[in-house]
Amino acid sequence: MNYISCGIYSFNGASINEDVKTIKVNYISNKSSLAQPQLSSLLTELLIDKFQSETNLLITDYDAHVIFSGSIVKYDIKPVSIQNNEIAAQNRLTISVEIEHINNIDEKLGFKKIFNDYIDFDSSENLSEIEEDLNIEIVNNLVEDIFNEAFMNW
């Protein structure tokens, strides 16, 4: 039998061309007027952590085979589940990020895309008390979506 290898496959199912050795994650800026200031740092750090823990790629601050950059473009809180008395039973926090992925080894794998995620929470909860936890949960989901889009090339 002949086997042809087109990439390196890790335990998580990621498919990365064997010529890709380095990755750079530029700081994810905040273009949304409502987003908490630390959200950019959180997103950038969690992206780097994801790539370090689930790939063998070397993180670099210089030219890299794969480069990620982007910005938070939406941070929105809106009422959902309006009740008969016209009071919202829940609110929805939505975060959207525009990510550009440049693959200098295989340009057709690059993309520029908006990723969205949201979480609903009880309107009786004090947002300032739960906002950080909500942000962490949403950002983790966004990071997973970005990783999958970039490296799950089945």
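Bear in mind that the values in this text are calculations on the coordinates, not laboratory data. Just so you know, these numbers come straight off a predicted model, no measurement behind them. No Cβ is skipped: glycine too gets one built from the backbone with ideal geometry, and neighbour counts run over all protein chains shown.
As a calculated quantity, the FRET efficiency between residue 38 and residue 61 at R0 = 22 Å, using C-beta atoms, amounts to about 0.55. Between the helical axis of 39-54 and the longest alpha-carbon principal axis of the chain there is an angle of about 40 degrees. Each of 151, 68, 115 was scored by other Cβ atoms within 10 Å of its Cβ. Listed from fewest to most, they are 115, 68, 151. Modelled spin labels at residue 54 and residue 124, positioned 7 Å past Cα toward Cβ, are 3.7 nm from each other.
Charge tally around residue 53: other residues with Cβ under 15 Å, Lys/Arg +1 each, Asp/Glu -1 each, net -3.
Less than 18 Å apart at the alpha-carbon level, and either on another chain or at least 8 residues along: which aspartates and glutamates does that give for residue 21? Qualifying aspartates and glutamates at Cα under 18 Å: 49, 54, 61, 63, 106, 107.
Assigning unit charges at the beta carbon (Lys, Arg +1; Asp, Glu -1) and nothing else, what dipole magnitude in debye, to the nearest 20, does region 7-77 show about its Cα centre? Please report the intermediate quantities before stating the final value.
Values: 5 positive and 8 negative charges, 45 e Å.
Magnitude of the dipole: close to 220 debye.
Protection proxy ranking of 25-34, 104-113, by the mean of other Cβ atoms within 10 Å over each peptide's residues and highest first, is 25-34, 104-113.
Pop the C-beta distance of residue 92 and residue 15 into the FRET formula with R0 = 22 Å and round what comes out to the nearest 0.05.
Numbers: r = 34 Å, r/R0 = 1.53.
The pair residue 92/residue 15 has a calculated efficiency of 0.05.
What is the helix-to-structure angle for 127-151, meaning the angle in degrees between its Cα long axis and the longest Cα principal axis of the chain, kept from 0 to 90 and rounded to the nearest 10? For helix 127-151, the angle is close to 30 degrees. Charged side chains reduced to their Cβ positions (Lys and Arg at +1, Asp and Glu at -1) give the chain a dipole of some 500 debye around its Cα centre. Taking each of 31/78; 24/108; 24/112 in turn, the alpha-carbon distance never tops 26 angstrom. Computing Rg/Rh (Cα atoms, Kirkwood Rh) for the structure here picks out one of (1) 1.08; (2) 0.94; (3) 0.97, namely (1). A crude spin-label estimate for the pair residue 111 and residue 29, with each label 7 Å from Cα along the Cβ direction, gives 2.3 nm.
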